[in-house]
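Have a look at the structure below, then the notes.
The values are calculated or read from the model by the stated rules, or taken from the named source; none is laboratory data. Computed from a predicted structure; not experimentally measured. So basically every Cβ, Gly included, is an ideal-geometry build from the backbone, and we count neighbours across all protein chains shown. The area values use the complete protein model at the heavy-atom level, side chains included, leaving out ligands, DNA and RNA. Shrake-Rupley method; radii C 1.70, N 1.55, O 1.52, S 1.80 Å.
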Amino acid sequence: MHMLRTSLLSALLAILLSGSASADILATDTCDLCIMFGGTLKEDTYPEYDHIPEEMLPKNLTCAELADIFSSAFPDGSDKMCYDAVIEFHYECCEFETSTSQCEQAVHSSLLGDDSDYSVDVVPLPLNGKQFNVGVGMEYFALTSIDIVAGTAEIFMSIQMTWNDERLRWDPNEFGGCFNTLFRASLDLELTNIWVPPFDLVNRETSLQDLPEAYGTVTSVGDVVWNRFGSVKALCFFDGLEKFPYDELTCSFTFTSTSAYPRINYNLLGNLTFFGTSGHEERKYQEFAVVPEKSSIELEEGNLIRATFVFKRATRYYNLKIVIPTIFFTILTFGTFLLDQRVGERLGFGVSVLLVIVAQAILTSDILPVTEERLWINVLTQGSQYFSILAVAESLLVAYLHYIKVEPAEGMEGSSSHKRNDEERESFLENKKEEAPREEEELDSTNDKESLSSRIKNFHWTAEKILVLDSWCLILFPSTYSIFLIVLFASNRNF
């Protein structure tokens with residue numbers, strides 16, 4: 001109907017710009033508003049046509065004035081543009097002796113009655129026609145669901161198909177003036193009354209046959225408009241997933257004929273449209289939203305129609321639940337460098353924070369497919385894990401160095417045993433001081449090739465030296481992690 005209205009507006013605009021023609025052009029073979037449908041003109045009636053801009057057609061015109069404009073604009077009453085223009089005002093400006101329901105019932109009986117030889121299996125190819133043209137238009141309404149792991153996307157859309165079936169023509173003047181009627185249309189041969197194009201989704205998870213049944217509108221010149229609404233689910237490759245969660249996923253819905261009949265030719269009725277043309281309104285409180293500027297529909301070789309949709313992810317949720325907590329807890333792990341080794345909770349603190357980061361990674365893995373492709377979010381979580389593991393490893397090293405000279409515990413004994421052990425330890429240390437010069441001479445005579453562990457043991461790790469090691473790590477770890485984050489976020493667009 002939108003295309004018919006556009007034709008009408010174009011014709012009326014040409015008339016108004018050139019000036020209305022004189023009424024002497026009017027003849028029996030011209031475009032008449034009512035006579036061609038067997039009706040009587042309501043000359044003094046003012047029809048409503050607020051949907052037509054005033055610059056196209058002046059307001060407050062009577063049916064008689066509109067009839068003069070049409071007869072002047074279309075000298076040939078058989079012109080299809082005449083038909084498109086007249087049906088806009090047909091019911092308001094014309095009066096008939098037969099009701100619309102009686103007229104349509106008579107049309108059904110004539111075209112599909114017991115005496116009709118109409119077959120829903122036969123393509124209505126015109127006489128001497130090489131190709132049978134079918135127009136296809138699509139309108140996006142809303143995104144139903146996206147399953148990244150399963151690789152599917154489901155959208156709610158309308159699919160409009162138009163074609164001309166010469167077997168469904170009738171003369172409105174003979175049946176009481178009705179110029180269109182409804183027929184049952186379906187891909188199921190047992191449910192349809194008319195032939196419909198064998199058209200379906202190629203990469204389908206669900207078929208177009210699963211859409212709710214819809215009637216086809218047939219006009220008196222044989223034009224059929226079949227508009228269906230429903231959810232369509234397709235298998236997708238999801239280009240752009242590498243940048244998760246700052247990704248824009250691309251999914252293509254590919255349609256073609258399901259029949260090997262070579263003469264059916266599918267054409268596009270226009271560009272891909274979106275519900276609410278001036279300001280597209282997507283449903284709130286959902287993860288993805290379509291990007292109309294990047295979505296398109298194309299007619300490809302092999303009679304393929306490819307509708308490509310681009311969906312943008314709501315990144316705020318993932319920033320608050322994964323990205324920011326992962327970075328925060330990784331930086332928190334570096335706090336172990338500020339704790340003295342004699343604080344027993346230092347190692348436990350580092351391990352606890354590391355477990356939180358691992359839990360974040362597990363949460364992320366549940367919403368991503370298992371793939372060999374490198375994902376941005378995986379680089380962030382794995383890199384953060386490695387920094388946390390190194391921080392915990394440094395705490396282990398410091399603990400080893402701090403207690404490297406401590407003798408093994410003797411076990412739990414009474415207070416007298418502890419006192420005796422302390423006296424023995426003091427005596428042992430005094431003897432060691434006296435024997436120190438002699439031990440240094442013996443060390444000089446030993447083999448120069450000592451193991452790494454013995455060299456570490458011979459190095460006197462004091463609390464001050466361990467503090468210096470922690471201080472260097474407190475500078476090194478945050479700085480390198482900051483560089484890692486800067487490079488990672490900077491390369492997000494080209495990831």
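Among the residues making up the stretch 253-263, those that are open to solvent by 20 Å² or more (accessible area, probe 1.4 Å) and not charged (D, E, K, R) are THR256, SER257, THR258, SER259, ALA260, TYR261, PRO262.
Against the list (1) outside any loop (DSSP other than H, G, I, E, B); (2) farther than 24 Å from TYR49 by Cβ; (3) of a type in the set (Gly, Ala, Ser), the condition GLY129 fails is (1). Considering the stretch 307-324, and only residues there that are of a type in the set (A, V, I, L, M) and within 16 Å of LEU143 (Cβ to Cβ), the residue that is most open to solvent (accessible area, probe 1.4 Å) turns out to be ALA314.
Just the residues that are touching a residue at least 60 places away in the same chain (Cβ under 8 Å) and either open to solvent by 40 Å² or more (accessible area, probe 1.4 Å) or within 16 Å of the chain's Cα centre (by Cα) (or both), please, taken from the stretch 149-164. Residues satisfying the conditions are VAL149, GLY151, THR152, ALA153, GLU154, ILE155, PHE156, MET157, GLN160, ASN164.
Out of contact with any Lys or Arg (no Cβ under 7 Å at 6 or more places or on another chain), surrounded by fewer than 18 Cβ atoms within 10 Å (Cβ to Cβ) and free of Cβ contacts under 8 Å to residues at least 12 places away in the same chain, is that true of GLU213? The answer is no for GLU213. Look at (1) open to solvent by less than 30 Å² (accessible area, probe 1.4 Å); (2) within 18 Å of the chain's Cα centre (by Cα); (3) at pLDDT 90 or above; (4) not acidic (Asp, Glu) and you find that VAL196 fails only one, number (2). For the condition more than 14 Å from the chain's Cα centre (by Cα), over 13 Å from ALA391 (Cα atoms) and part of a helix (DSSP H, G or I), what is the one hit in ILE324, ILE305, ILE331? The conditions single out ILE324. Give me the residue from the stretch 359-370 that is free of Cβ contacts under 8 Å to residues at least 40 places away in the same chain and loosely packed, with under 15 Cβ neighbours inside 10 Å and, out of that set, farthest from THR333 (Cα to Cα). Here the answer is VAL370. Residues in the stretch 195-223 that are touching a helix residue (DSSP H, G or I) at 6+ places or on another chain (Cβ under 7 Å), of a type outside the set (Gly, Ala, Ser) and under 19 Å from GLU104 (Cβ atoms): VAL218, VAL221. Somewhere in the stretch 182-191, is a residue farther than 24 Å from THR100 by Cβ and touching a residue at least 24 places away in the same chain (Cβ under 8 Å)? Yes, because at least one residue in the stretch 182-191 is farther than 24 Å from THR100 by Cβ and touching a residue at least 24 places away in the same chain (Cβ under 8 Å).
Here VAL86, VAL136, VAL122 are screened, and the one residue that is touching a residue at least 40 places away in the same chain (Cβ under 8 Å), closer than 30 Å to TYR266 by Cα and open to solvent by 70 Å² or more (accessible area, probe 1.4 Å) is VAL122. Condition check: among the hydroxyl-bearing types (Ser, Thr, Tyr), in a loop (DSSP other than H, G, I, E, B), open to solvent by less than 20 Å² (accessible area, probe 1.4 Å) and touching a Ser or Thr at 6+ places or on another chain (Cβ under 8 Å). Does THR206 satisfy that? No; evaluated as a whole, the condition is false for this residue. Which of the residues that make up the stretch 457-476 are modelled with pLDDT under 75 and surrounded by 14 or more Cβ atoms within 10 Å (Cβ to Cβ)? Hits for the stretch 457-476 are LYS457, TRP461.
Matching residues to (1) charged (D, E, K, R); (2) open to solvent by 40 Å² or more (accessible area, probe 1.4 Å); (3) assigned to a strand (DSSP E or B):
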{"site": "THR217", "(1), (2), (3)": "no, yes, yes"}
{"site": "ASN227", "(1), (2), (3)": "no, yes, yes"}
{"site": "LYS233", "(1), (2), (3)": "yes, yes, yes"}
{"site": "GLU242", "(1), (2), (3)": "yes, yes, no"}
{"site": "TYR246", "(1), (2), (3)": "no, yes, no"}
{"site": "CYS251", "(1), (2), (3)": "no, no, yes"}
{"site": "ASN265", "(1), (2), (3)": "no, yes, yes"}
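Do we have SER101 as modelled with pLDDT of 85 or more and either of a type outside the set (S, T, N, Q) or part of a helix (DSSP H, G or I) (or both) here? Here the answer is yes, as SER101 does meet what is asked.
Would it be correct to say that PRO53 is surrounded by fewer than 16 Cβ atoms within 10 Å (Cβ to Cβ) and either assigned to a loop (DSSP other than H, G, I, E, B) or under 43 Å from the mean Cα position of the chain (by Cα) (or both)? When the stated conditions are applied, PRO53 passes them. Looking only at residues in the stretch 371-387 that are over 24 Å from the mean Cα position of the chain (by Cα) and open to solvent by 50 Å² or more (accessible area, probe 1.4 Å), the one that is modelled with the highest pLDDT is TYR386.
Candidates are the residues of the stretch 105-116 that are of a type outside the set (A, V, I, L, M) and at pLDDT 90 or above; the one that is most open to solvent (accessible area, probe 1.4 Å) is GLN105.
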